[in-house]
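Engineer: Please see the structure below; I have some questions.
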Amino acid sequence: MAAKTILQRERLVPFIQILDPEGMANPTDIVELGLKPHDFKAMYRWMVLARTFDERALALQRQGRLGTYAPLLGQEAAQVGSAYALKPEDWVFPSYREHAVLAMRGQSWLQLFTFWGGNEEGNRIPEGIRNFMVCVPIATQILHATGAAWAAKLKGERSCVIVYFGDGATSEGDFHEGLNFAGVFKAPVVFFCQNNQYAISVPRTRQTASETIAQKAIAYGFEGVQVDGNDVFAVYKATKEALAKARDGGGPTLIEAVTYRLTHHTTADDWTRYRPSEEVEMWKQKDPIKRLKLYLEKQGLWSEHDEAKLLEEAKAEIAQAVAQYEALPKRDVEDIFKYMYAEMPWNLKEQLQELKEYLAEHGGDLPKE
Amino acid sequence: MPQMTLVQAINDALRTEMRRDPTVLVMGEDVGVNGGVFRATEGLYQEFGPDRAIDTPLAESGIVGTAIGMALNGLKPVAEIQFDGFMAPAFDQIVSHAARIRWRSRGRFHVPIVIRAPYGGGIRALEHHSEAPEAYYVHTPGLKVVIPSNPYDAKGLLIAAIRDPDPVIFFEPKRLYRAFRQEVPEGDYTVPIGKASLVREGTDVTVISWGAMVRICLQAIAQLEGISVELVDLRTLAPLDIETVLSSVAKTGRAVIVQEAPRTCSLSSELTALINERLLLQLQAPVVRVTGYDTHIPYLTMEQYYLPDAGRVQKGIERALSF
């Protein structure tokens, strides 16, 4: 394990691993998680569902039935482990790859397909769910998370905020400003970095000369912790502890989940251009889903029958969402204009009218080429 | 009724709203203990404490980005950017997020923040302290842009901006901060966003301006004899009060636009296009523009050559009349 070789040196931040790639864990560590077998199975289920969604989304994009898509393959444990620690009153600020997190918080697979299908309705977060929308510009959401957490503190609420971003985001100025503000104002926020080793093609070593990303927290005056991001239990533990600390007024934490993007950055990318397949193969050996499955099997909690049943259910659940997605009604062009301001100003009214008249001249839609 | 300078009126507006609504707060560099470098937030720290008159770290993107997050979670931050020229580091947060969140979320979330900044030239300041960057924000869908020209409007517009459910960029002409006093009512009143003011009625030519240039226009008009000038102070640049502009120009047939910002792709460009599109056959002369040049505003020894003065405005009016 690469992690252990790092451990032998003096480290600035702790490294947490509970479940090793062979699915072995120290029983005491498991007890300390405070989770029951049904939780393990629920985590496993979410990871399998997320991967099923991911595979389907990729296939749909290749067939021209979905827009550009950012796959999460390999990052299931980082997402499921962290989201499992959240309470409904906590706020989530995602970047754009957190499909598992959004689904676990109550957004439907249909909604995720809707977003990636290029329909803004996919970003309409249902009332009652404290998720924010997919954020495409890198690291900019970190500041929103800090501000929302700071507001919670000023209002005397006990809700926390978690914000997701990647290793590339840590090079942006907004990462610095977001962590710095959070440190100064002791905002109840968890900065969750999925270090998947690449910002499109640029490796982690080109983002920072720091040995770890987690240790950057020290300079901002709060704790940083590095976890094995492919170990769903370690991720859960680190996130749960960080949230508990934040809830109790202890301020922010930076968690670096060390993981790996097993496939392309997006469907517009080709990973074979910038990394050797041996490296990808090496990381496949640390597959987060396989690891948890091995653990469940060793504990006698999972059978081949359970596996077959889950895969079938997952396929059916995602297939149903695809069918709903492809049956979505055509929207009125007014949707382009109507959410710009609380009240539509004259120029937008005029421009909407202009577009409607143009469409009306052609039987209600754009002229055929 | 008390007499106030423009900066006192701003201060009074902030205090009035903070007293009325406990979710309103001010945040920015030096706005707390120090009361702001222009004293716009003077006394707020003493009255409302460090959690509502917040001295932030020195980071403009951080100020606007966290203000957005606060607004998303139920507060109404009034963020101060210390000078117009330092809006640039916050530009990404303004155009990529503040302007877009209502649209992106299909109305689930909105960003009721005000971003205040001292605006424009004429105070013999350093580089980056005299900019007129309104066109960037007027061009950005999803924002409202307000520039008052006097203390009464400043207070009423700022209160309206704080109550507005959408993000408002509120530029304060810094050369007017202490230039003159005006009667400003105590307590609560608003000046509506999106409504221009007819400063002076006339029949020969319409002068359209905003911010500190309104005062320059008044000086110019006062020196002209035998010409009846109508003066429109836009007050709100986005959304534009097109009705007031068009009805005035339709009446006079001539329009002169006066701004201190550089000319190319500026608000004067948009106004010219709108007037030409809608009133071409009623125009007696091409629209005239009196503007800053397409250079950076010079340092203090030469800024007077850059900023339109009464003479240039008069020349513009004469051009419109002699066509």
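Engineer: Taking chain A as the reference, fit the longest principal axis to its C-alpha atoms, fit the long axis of helix A:346-361 to the helix C-alpha atoms, and give the angle between the two in degrees, 0 to 90, nearest 10.
Structural biologist: With both axes taken from Cα atoms, the answer is about 70 degrees.
Engineer: Next question. Mind listing the phi-derived Karplus ³J(HN,Hα) values for the range B:233-240, rounded to whole Hz, using 6.51, -1.76 and 1.60 with θ = phi - 60°, and x for any glycine or proline?
Structural biologist: The phi angles translate into 9, 4, 6, 10, 8, 9, x, 6 Hz.
Engineer: Mind giving me the nanometre distance, one decimal, between the label points for residue A:368 and residue A:356, set 7 Å out from Cα along Cα→Cβ?
Structural biologist: Output for this residue pair reads 2.6 nm.
Engineer: Using only the Cα atoms, what convex hull volume per residue in Å³ does the range A:89-233 have? Write down the numbers at each step before the final one.
Structural biologist: On the way: hull volume 17.6 nm³, N = 145.
It is 122 Å³ per residue.
Engineer: Angle, helix A:232-247 long axis vs. longest principal axis of chain A, Cα atoms, 0 to 90°, nearest 10?
Structural biologist: 80 degrees
Engineer: Here's something else I'd like to know. Calculate the FRET efficiency for residue B:46 and residue A:315 from the Cβ-Cβ distance with a Förster distance of 56 Å, rounded to the nearest 0.05.
Structural biologist: Values: r = 64 Å, r/R0 = 1.15.
Working from the Cβ atoms, E equals 0.30.
Engineer: Per residue of the range A:136-149, in order, report the coupling 6.51 cos²θ - 1.76 cosθ + 1.60 (Karplus, θ = phi - 60°) as ³J(HN,Hα) in whole Hz, putting x for Gly and Pro.
Structural biologist: 7, x, 5, 6, 5, 6, 4, 5, 5, 5, 4, x, 5, 5
Engineer: Taking 2.2 N^0.38 Å as the expected size of a compact globular protein, what ratio does the Cα radius of gyration of the protein assembly as shown give against it, to two decimals?
Structural biologist: Numbers: Rg = 28.8 Å, N = 692, 2.2 N^0.38 = 26.4 Å.
Rg over 2.2 N^0.38 Å, computed on Cα atoms: 1.09.
Engineer: According to a simple spin-label model (label point 7 Å from Cα along Cα-to-Cβ), what is the distance in nm between residue A:342 and residue B:183?
Structural biologist: Each label point is offset 7 Å from its Cα along the Cβ direction, giving 3.1 nm.
Engineer: What average count of beta carbons from other chains do you get within 10 Å of the Cβ of residues in B:105-112? Mind showing how you got there, number by number?
Structural biologist: Values: counts 7, 10, 4, 10, 5, 3, 1, 1.
The shielding value for this peptide is 5.
Engineer: Where does each of B:299-307, B:24-32 land if you order them by average Cβ count within 10 Å, highest first?
Structural biologist: Working: B:299-307: 13.9, B:24-32: 23.4.
By packing density, highest mean first, the sequence is B:24-32, B:299-307.
Engineer: Could you list the square roots of 5 times each eigenvalue of the Cα gyration tensor of chain B, that is, the equivalent ellipsoid semi-axes, sorted largest first and rounded to whole Å?
Structural biologist: On the way: eigenvalues 219, 84, 69 Å².
Rounded to whole Å, the semi-axes are 33, 21, 19.
Engineer: Near residue B:286, within a Cβ-to-Cβ distance under 10 Å, what is the net charge of the other residues, with Lys and Arg +1 and Asp and Glu -1?
Structural biologist: Numbers: positive: B:254, B:289, B:319; negative: none.
Residues close to residue B:286 contribute a combined charge of +3.
Engineer: log10 I(q)/I(0), Debye, Cα-only the range B:3-183, no solvent, q = 0.13, 0.18 Å⁻¹?
Structural biologist: -0.58, -1.17
Engineer: Can you order the peptides A:343-349, A:229-235 by their average number of other Cβ atoms within 10 Å per residue, highest first?
Structural biologist: Working: A:343-349: 14.6, A:229-235: 29.3.
The packing order, highest mean first, is A:229-235, A:343-349.
Engineer: Taking each residue in A:343-350, count the Cβ atoms of any other chain within 10 Å of its Cβ, then average. What number comes out?
Structural biologist: Numbers: counts 5, 1, 7, 6, 7, 2, 0, 1.
Mean shielding count: 4.
Engineer: How well do other chains shield peptide A:332-341, expressed as the mean number of their Cβ atoms within 10 Å of each residue Cβ?
Structural biologist: Other-chain Cβ atoms within 10 Å of each residue's Cβ, averaged: 4.
Engineer: Once both axes come from the Cα atoms, what is the angle between helix B:151-163 and the longest principal axis of chain B, in degrees from 0 to 90, rounded to 10?
Structural biologist: Computed tilt is about 50 degrees.
Engineer: So, one more: How far is the Cα center of the range B:79-135 from the Cα center of the range B:1-72, in Å?
Structural biologist: That distance is 15 Å.
Engineer: Hey, what do the phi angles of the range A:96-110 turn into as Karplus ³J(HN,Hα) couplings, whole Hz, using 6.51/-1.76/1.60 and θ = phi - 60°, x for Gly and Pro?
Structural biologist: The phi angles translate into 10, 10, 8, 4, 5, 4, 4, 5, 5, 8, x, 7, 7, 4, 4 Hz.
Engineer: Sticking with this structure for a sec: Of B:152, B:119, how do they rank once you tally other Cβ atoms within 10 Å and put the fewest first? List each step's numbers first, then the result.
Structural biologist: Numbers: B:152 20, B:119 28.
Least crowded to most crowded, the residues run B:152, B:119.
Engineer: Express in % the proportion of alpha carbon pairs of the range B:197-322 at distances exceeding 27 Å. Please list the in-between numbers first.
Structural biologist: Working: 892 of 7875 pairs.
Roughly 11 percent, rounded to a whole number.
Engineer: Neighbour counts of other C-beta atoms within 10 Å: give me B:97, A:99 arranged from fewest to most. List each step's numbers first, then the result.
Structural biologist: Details: B:97 24, A:99 29.
Exposure proxy ranking, most exposed first: B:97, A:99.
Engineer: Please order A:18, B:227 by the number of other Cβ within 10 Å, starting at the fewest.
Structural biologist: Details: A:18 23, B:227 14.
Arranged by neighbour count, lowest to highest, A:18, B:227 become B:227, A:18.
Just so you know, all these numbers are worked out from the coordinates, no wet-lab data involved. Just so you know, these numbers come straight off a predicted model, no measurement behind them. Cβ sites come from the backbone with ideal geometry, for glycine too, and all protein chains shown count toward neighbours.
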